[in-house]
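Read through the structure below, which is laid out as structure tokens, and then see the notes.
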Amino acid sequence: MEHKFKVAEKFVSINGEGTKAGELAIFIRFCTCNLNCSFCDTRWANENGVLFEEMSETEIADYADSTGICNVTLTGGEPLLQKNIGKLIKKLCHRGHEVEIETNGSISLSEIKSLSVKPALTMDYKLPFSGMEEFMLKDNFSLLEKSDTVKFVVGDTRDLYRAAEIIRDFSLNRRCHVYFSPVFGKINPDRIVSFMKEHSLNGVRLQLQLHKYIWDPAARGV
């Protein structure tokens with residue numbers, strides 16, 4: 001018997017961030033998150049009473065197949081809270097899809113990393129501006145591989161200094177991809193570039209959320 005997932009929305013767009021920014025991708029957004037970041041732009045998906053579609057792993061895979069798109073991004077909410085997420089990942093991969101998971105950094109990656117077919121991971125490290133840093137699971141850093149990404153969403157200068165400290169302490173720029181992403185409307189990207197130059201942050205990339213520049217920043221399904 002297959003598990004049913006609560007899917008808040010599904011759509012095809014471009015990846016707005018990460019190593020595949022600008023590439024077409026299928027987005028499967030699940031309900032429910034265990035954090036409440038100050039800058040969350042998908043809080044609606046975690047609210048009581050949000051409309052959702054119950055879909056099995058086969059139904060999600062069939063939808064992905066029907067689009068003709070290879071990349072699949074599982075997001076939320078927090079996708080690693082979903083029971084049987086491993087079965088969904090396996091099914092999508094076995095059907096030829098390249099799967100990426102966007103995860104918030106507070107859930108252990110050990111189960112995902114034990115799968116016979118591994119998705120690419122984009123893991124946040126929540127900085128002070130988010131109000132959620134206390135929930136970050138630093139043990140996850142040791143499980144990251146070259147294909148994975150750590151994303152620091154930066155709201156102010158204090159966040160930049162904290163991110164640089166974490167990158168240095170865990171040698172993240174030698175372990176995986178590392179990105180700085182500004183909280184939209186809170187810090188100018190040129191301030192981040194200046195900080196990167198001042199601190200010689202090799203192996204770290206600035207990224208802008210493309211979808212917020214192409215479409216209305218509050219738009220859904222893009």
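The values are calculated or read from the model by the stated rules, or taken from the named source; none is laboratory data. For clarity, every value in this text was computed on a predicted model and none was experimentally measured. Positions of Cβ are backbone-derived with ideal geometry, glycine not excepted, and every protein chain shown enters the neighbour counts. Heads up: the accessible areas ignore ligands, DNA and RNA and are worked out on the full protein's heavy atoms, side chains in. Shrake-Rupley method; radii C 1.70, N 1.55, O 1.52, S 1.80 Å.
Ligands, DNA and RNA left out, the 1.4 Å accessible surface of the chain is 49% carbon and sulfur atoms. Surface exposure of the chain, expressed per residue as accessible area with a 1.4 Å probe, stands at 48 Å².
Overall shape: oblate for region 1-66, with the ratio a/c of the largest to smallest alpha carbon gyration tensor axis at 1.5 or above and b/c at least equal to a/b. Once the Cα-Cα distance is subtracted from the 0.36 nm per residue extended length, the Arg191 to Val50 segment shows a gain of 47.1 nm. Once the Cα atoms of helix 85-94 and of the chain are each reduced to a long axis, what angle between those two axes, in degrees from 0 to 90 to the nearest 10, is obtained? Here the helix axis deviates by roughly 80 degrees. Residue ranking by accessible heavy-atom surface, 1.4 Å probe, largest first, among Tyr63, Tyr179 comes out as Tyr63, Tyr179. Set the bar at 30 Å for Cα to Cα. Now go through Lys118/Lys186; Lys6/Lys90; Lys90/Lys186; Lys4/Lys146 and name every pair that lies beyond it. Lys118/Lys186; Lys90/Lys186; Lys4/Lys146, as the Cα separations exceed 30 Å there. Mind pulling the angle between the C-alpha long axis of helix 57-67 and the longest principal axis of the chain? Nearest 10 degrees, somewhere in 0 to 90. Relative to the chain, helix 57-67 is tipped by roughly 80 degrees.
Of the peptides 123-131, 76-84, the ranking by mean beta-carbon count within 10 Å, highest at the top, reads 123-131, 76-84. Using just its DSSP H runs of length 4 or more, each adding -39500 (n - 2.57), the chain gives a mean residue ellipticity at 222 nm of -7000 deg cm²/dmol after division by all residues. Quick note on the chain: its Rg to Rh ratio, both from C-alpha atoms and Rh being the Kirkwood radius, is 0.95. Note on Glu198 and Ile214: the extension gain reaches 2.7 nm, defined as 0.36 nm multiplied by sequence separation minus the Cα-Cα distance. Eigen-decomposition of the gyration tensor built on the alpha-carbon atoms of region 116-222 gives equivalent ellipsoid semi-axes of 22, 19, 14 angstrom, largest listed first. With a simple spin-label model that places each label point 7 Å from the Cα along the Cα-to-Cβ direction, the separation between Glu111 and Glu59 comes to 2.1 nm.
Taking the C-alpha atoms only, the angle from helix 189-198 to the longest principal axis of the chain is near 60 degrees. When Rg and the Kirkwood Rh are both derived from Cα coordinates, the Rg/Rh ratio for region 24-114 amounts to 0.96.
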